[in-house]
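Input: a single structure, listed below in structure tokens.
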Amino acid sequence: MIEVLAKLGRGPVFLAGEVLECVITFTNPLSASSTSASSEMLAWASAQIHCQFHASENRVALPPSDGSKHDVQAENETVFVPNRGERGQCILSTPPKILFCDLRLDPGESKSYSYCETLPVDGPPSFRGQSVKYVYKLTIGCQRVNSPIKLLRVPFRVLVLHGLKDYQFPQDEAVAPSNPFLEEEESLKKDSRLADLATELLMVATSRRSLHLYNISNTRGKVGTFCIFKTVYKIGEDVIGTFNFSEGDIPCLQFSVSLQTEESIQEEFQRRKGQPVSFTTHARHQESCLHTAQSSFSLPIPLSSTPGFTTNIVSLKWRLHFEFVTSGESAGTCLVRGSQSEAVVWTGVEQMEVDTFSWDLPIKVLPTNPILASYVSQFSSTNSITI
């Protein structure tokens, strides 16, 4: 028996273009006092990163793929197929890397190997939607002699920030920021600069503030105004907006604001022409606001959510969805006088005519620092299997 342990050193979330590093440890768990006859042998071990794509048959019409035949692999084969038994299609993979051949482990002995690979910058982000799924995995395959191949899958999350792949790093290393007291490999230095560059680009894109004012009105007149200071956010930020109903001609009885994603399939891949778009609500604020002059809301963008993106099959966009309930009567008739005495008591009317309408405001949502997103990731940094 051999225990195989895979550990992602920095966490299970990465930016496309970063270097994924995983330490894979093979251990013979028997006591060191056991005889040498208890030694274990492995013929080989290999590792590869792949992205698995799965689409809902009710929503997406995909052309036939030649790669579907690789979903099944006979147990006695010695060919390493990382996506064996997986649903969907393998749309992206890195070249497989051999970790070792003919490994012998004595009782209590362990051997560790480091696997490093740059994540492709042209792949989609990790996404689990109502119509499609993009799932990234690092698969480690190993085999005993005359035994079936065993696979250890390490799922992880990939965020995509457009513009990183077009950035050219300085050719002169003296110009690039570095720590003279630390010796780093070139790939690790570039990876660190890539993360720093991504953080800087995100800060620049999401820190710009400018006042956006919108008039809220229906067919009968003005209801109020809505104010928001920016429309570009990172996942993990709060979307904050304010309402001013004091200048409105139509009383607003109630409003709600929903933070939603809009998942749409490209026209050529739709199962039915004109099929509806899928919406997912991530946060919602609802408030009764009769005779309220000003109000506000704050909606958090979950760190586990997927920033907006577009592929040849699916598009994901973010929006704020507003719903307003307004009075069909004047503001003075929304209250009735309950007493003719000196102490006046005003109560709400039992019935009143209302109008409803909705409005959508598109916003842009970008990734965040992958280390921050790792704190709430559903994936574990450590995975293991016994063979």
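The values are calculated or read from the model by the stated rules, or taken from the named source; none is laboratory data. Since the model is a prediction, treat every value here as computed from it, not as a measurement. No Cβ is skipped: glycine too gets one built from the backbone with ideal geometry, and neighbour counts run over all protein chains shown. What goes into the accessible areas is simple: the full protein's heavy atoms, side chains included, and nothing from ligands, DNA or RNA. Shrake-Rupley method; radii C 1.70, N 1.55, O 1.52, S 1.80 Å.
Here are the numbers for the structure shown:
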{"quantity": "Apportionment of accessible area to carbon and sulfur, the stretch 198-268, percent (1.4 Å)", "calculated": "47"}
{"quantity": "Using θ = phi - 60° and Karplus 6.51 cos²θ - 1.76 cosθ + 1.60, couplings along the stretch 317-322 (whole Hz; Gly, Pro as x)", "calculated": "10, 10, 7, 9, 9, 9"}
{"quantity": "Entries of Lys222/Lys364; Lys111/Lys234; Lys150/Lys317; Lys7/Lys133; Lys111/Lys150 with Cα pairs more than 29 Å apart", "calculated": "Lys111/Lys234; Lys150/Lys317"}
{"quantity": "FRET efficiency estimate (nearest 0.05) - Cβ-Cβ, Val277 to Val204, R0 25 angstrom", "calculated": "0.20"}
{"quantity": "Theoretical gain in end-to-end length, Ser296 to Ser315 [0.36 nm per residue, Cα-Cα removed]", "calculated": "3.8 nm"}
{"quantity": "Karplus-derived HN-Hα couplings along the stretch 26-31 (A = 6.51, B = -1.76, C = 1.60, θ = phi - 60°), whole Hz, x at Gly and Pro", "calculated": "10, 10, 8, x, 5, 5"}
{"quantity": "Computed E for Glu323/His54 - FRET, C-beta separation, R0 45 angstrom, nearest 0.05", "calculated": "0.85"}
{"quantity": "Paramagnetic reach from Val345 (point 7 Å along Cα→Cβ, amide N under 14 Å) across the stretch 277-305", "calculated": "none"}
{"quantity": "Calculated FRET value between Asn215 and Ser380, using beta carbons and R₀ = 41 Å, to 0.05", "calculated": "0.25"}
{"quantity": "Label point distance in nm, Thr231-His285, each placed 7 Å from Cα along Cα→Cβ", "calculated": "1.8"}
{"quantity": "Note, ³J(HN,Hα) from phi for the stretch 250-261, Karplus 6.51, -1.76, 1.60, rounded to Hz, x at Gly and Pro", "calculated": "10, x, 9, 8, 7, 9, 9, 10, 10, 8, 10, 10"}
{"quantity": "Gained length - Asp355 relative to Ile240, 0.36 nm times residue gap less alpha-carbon distance", "calculated": "38.8 nm"}
{"quantity": "Per-q log10 I(q)/I(0), the stretch 213-312, q = 0.20 Å⁻¹ (Debye; single scatterer per alpha-carbon; no solvent)", "calculated": "-1.03"}
{"quantity": "Cut-off under 5 Å, modelled amide H: who pairs with Glu109 long-range", "calculated": "Asn28"}
